[in-house]
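Below is one structure, written out as structure tokens, with a few remarks after it.
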Amino acid sequence: MEKKYLKHIELKGKVVFCRNDFNVPLNENGEIVDDTRLEASLPTLKYLIDNGARIVCASHMGRPEGEKKPELSLKPVADKLSGMLNTKVMFNGKITGKEIGKIKSGLKEGEILLLENLRFDPGETKNGRKFAKELAKGIDVYVNNAFAVSHRKHASVVRITGFVPISVKGFLLKREIDYLSLAIEKPPENFCIILGGAKVSDKIPLILNLMDKVKTILIGGAMSYTFLKAKGINVGNSKVEDDFIEMCSDIFKKAEENNVKILLPVDHIASVTIEPNVTIKMVKIGEEIPENMTGLDIGMDTAQLYTEEIKRAELIVWNGPMGVFEIDLFSGGTTEIAKAVAESTALSIVGGGDTVLAVHKAGVGGAISHISTGGGASLAFLSGKKLPGIEALSEVL
Ligand code: AMP
């Protein structure tokens, strides 16, 4: 049976609970410094308005750990959204209770109420029954439009769906799943995965899950040093997860069995400390990283080698920067890879907060087919895990 999503729902006059990810970064004056997440939720919100829904919006912000923390209030989001949607977004600083109940039932078609930060209530992260029931009071339709938290068992993501008649995906969530499914269902033959970032342990489940589907895996970032060490290569003082060396050796074996090509860095940018103005050493092909030095970026020969692979790809999934890209001295490898992905004719999917940042820093965000809004959620999905927030949806009318 075809799964129903927002497009299939009769919305006129219905009270709709829309779970969004409005977890935007704020500066010390409480001003929103990046509204990408708000922008991403607009198509769903506009559709709800245009189709006469009575809208209750909800989101978390930061980690208040069940306490009311004024600096994590969603009030700035309500103000910003009002401007973006060109309509007043009501906000009274509460999540549940009598006043909220009154506003909910008094909503007219196309009107929006934004609840206060869901995580001010301890019931949210505990997937609390009572809290979920309160949130669901008077709601006709539940819409999950928050991919970034769909891997979390939270009340507004999972438990709430048991108390509403219909629960479906919003447009943002649908788009995420459609794109990411390309990688886990029937990817094209020339499927290339690029992995980097801090920890090899985070990315192993993804490698194992896609081993029978991928053709090439390009590895950079700190995680490459555990793989290099597993090959018996000296990596100096670079970050290595010793507990995972054996697992990396296993992955090489599995790759051979599956005819998968795993590429590791052949040259590096290294230094003694991680600082913006430190002296760096280019560790060339055939050289070893000196004992007192840490590998902090892939070298230009590696970037060139990876670029050639990227050119051949039909589908690219990229998660994790190639080096400590936050510091300009060590951002060259990541920038080169970002440009190569952007220039390739492949369908490209980029996920993970840092990788998305790096792509924007390189100025090529517009050339990526799909930039995922969920770091942990996209890794979990690509690792073959069922996302509780998606499993909980009824998706039938
Ligand atoms: P992740 O969240 O796993 O994608 O990791 C991103 C982080 O990995 C960034 O903050 C990078 O600075 C860091 N990173 C990337 N390469 C290295 C490296 N060679 N050594 C230390 N940290 C790194």
Cα pair distances in segment 106-196, grouped into 10 Å bins until the bin that holds the longest one, percent each: 14, 37, 28, 13, 7, 0
Low-density loop positions, trypsin sites (Lys or Arg not before Pro), segment 1-90 - DSSP coil, at most 15 other Cβ in 10 Å: Lys3, Lys12, Lys68, Lys88
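List the pairs from Lys153/Lys254; Lys80/Lys339; Lys215/Lys253; Lys69/Lys203 whose alpha-carbon separation is above 23 Å, in the order I gave them.
Lys153/Lys254; Lys80/Lys339; Lys69/Lys203
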Orientation-averaged projected area, Cα convex hull of the chain (nm²): 20.2
At q = 0.12, 0.15, 0.16 Å⁻¹, base-10 log of I(q)/I(0) for segment 6-173 (Debye sum, equal scatterers on each alpha carbon): -0.45, -0.74, -0.85
Cleavage-rule hits, GluC sites (Glu not before Pro), segment 45-100, DSSP coil, Cβ neighbours within 10 Å at most 14: Glu65, Glu67
Cα gyration tensor category, rounded, prolate or oblate, for segment 182-254 with a/c compared to 1.5: prolate
Reference-scaled alpha-carbon Rg (2.2 N^0.38 Å with N residues) for segment 210-295: 1.17
Cα→Cβ-extended label distance, 7 Å offset, between Asp79 and Ile285, nm: 5.7
Mean ellipticity per residue at 222 nm, deg cm²/dmol - from DSSP H runs of n ≥ 4 across the chain, formula -39500 (n - 2.57): -10000 deg cm²/dmol
GNM top mover of Glu111, Glu287, Glu314 - the chain, alpha-carbon springs below 10 Å: Glu287
The chain: angle of helix 75-85 to the longest principal axis, Cα-based, in degrees nearest 10: 90
Distance between modelled label sites at Asn190 and Lys88, nm, 7 Å Cα→Cβ extension: 5.6
Hydrodynamic radius by Kirkwood, which averages 1/r over all alpha carbon pairs of segment 186-382, in angstrom: 16.5
Rounded tilt (10° steps) of 332-343 against the dominant C-alpha axis of the chain: 70
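FYI, it's all coordinate maths here, none of it is from the lab. Being a predicted model, the structure only gives us computed values, none of them experimental. With ideal geometry, Cβ positions are generated from the backbone for all residues, glycine too; neighbour counts draw on all protein chains shown.
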